[in-house]
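Engineer: Structure provided below as structure tokens; questions to follow.
The values are calculated or read from the model by the stated rules, or taken from the named source; none is laboratory data. Quick caveat: nothing in here was measured; it's all calculated off a predicted structure. We place every Cβ from the backbone using ideal geometry, glycine too, and count neighbours over all the protein chains shown.
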């Protein structure tokens, strides 16, 4: 698997996260406007990174942003104290993105230019 395929997978995972956050935001629109706005902003944070990965799969800045945002998402999601299956659900996207990043570093270990 090359950088382009890994970048597409990472961007697709980001799209899934965007869709989930927008669906959750829609569910809170009528009774919790602050939560609606917060979820909407969280969803939109993923868009620039995903677009950068699609346009430039080996871009260090895009992969670094992905790694930082994935780590932040993990911390925020764990702060919600999810239990049981919900733990797997809230860690699915950021966990997958971190694994894709690590794999992209691994496949470039023998090359002169790695994502980071």
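Engineer: What residue, of 20, 105, 15, is surrounded by fewer than 16 Cβ atoms within 10 Å (Cβ to Cβ) and under 15 Å from the mean Cα position of the chain (by Cα)? It would help to see each step written out before you state the result.
Structural biologist: Values: 20 fails: surrounded by fewer than 16 Cβ atoms within 10 Å (Cβ to Cβ); 105 fails: under 15 Å from the mean Cα position of the chain (by Cα).
Going through 20, 105, 15 in turn, the sole match is 15.
Engineer: May I ask you to list the residues in region 1-53 that are assigned to a loop (DSSP other than H, G, I, E, B) and either at pLDDT 90 or above or farther than 24 Å from residue 104 by Cβ (or both)? Working first, answer last.
Structural biologist: At the first step, the residues of region 1-53 found to be assigned to a loop (DSSP other than H, G, I, E, B) are 1-2, 29-32.
Once the filter is applied, which keeps residues that are assigned to a loop (DSSP other than H, G, I, E, B) and either at pLDDT 90 or above or farther than 24 Å from residue 104 by Cβ (or both), region 1-53 yields 29, 30, 31, 32.
Engineer: Using the structure shown, decide if residue 30 is in contact with a helix residue (DSSP H, G or I) (Cβ under 9 Å, 6 or more places away or on another chain), on the phi < 0 side of the Ramachandran plot and surrounded by 14 or more Cβ atoms within 10 Å (Cβ to Cβ).
Structural biologist: Numbers: in contact with a helix residue (DSSP H, G or I) (Cβ under 9 Å, 6 or more places away or on another chain): yes; on the phi < 0 side of the Ramachandran plot: yes; surrounded by 14 or more Cβ atoms within 10 Å (Cβ to Cβ): no.
In short, no.
Engineer: Now for a separate question. Exactly one of these conditions fails for residue 58: (1) outside any helix (DSSP H, G or I); (2) modelled with pLDDT of 85 or more. Give me its number.
Structural biologist: Exception for residue 58: condition (2).
Engineer: Go through (1) surrounded by 18 or more Cβ atoms within 10 Å (Cβ to Cβ); (2) over 15 Å from the mean Cα position of the chain (by Cα) one by one and return the number of the condition residue 81 breaks.
Structural biologist: (1)
Engineer: Mind checking whether some residue in region 58-69 is within 15 Å of residue 18 (Cα to Cα) and surrounded by 17 or more Cβ atoms within 10 Å (Cβ to Cβ)? Before you say what the answer is, go through the steps one by one.
Structural biologist: First, pick out the residues of region 58-69 that are within 15 Å of residue 18 (Cα to Cα): 66, 69.
This time we only want the ones that are surrounded by 17 or more Cβ atoms within 10 Å (Cβ to Cβ), so: 66, 69.
For region 58-69, residues within 15 Å of residue 18 (Cα to Cα) and surrounded by 17 or more Cβ atoms within 10 Å (Cβ to Cβ): present.
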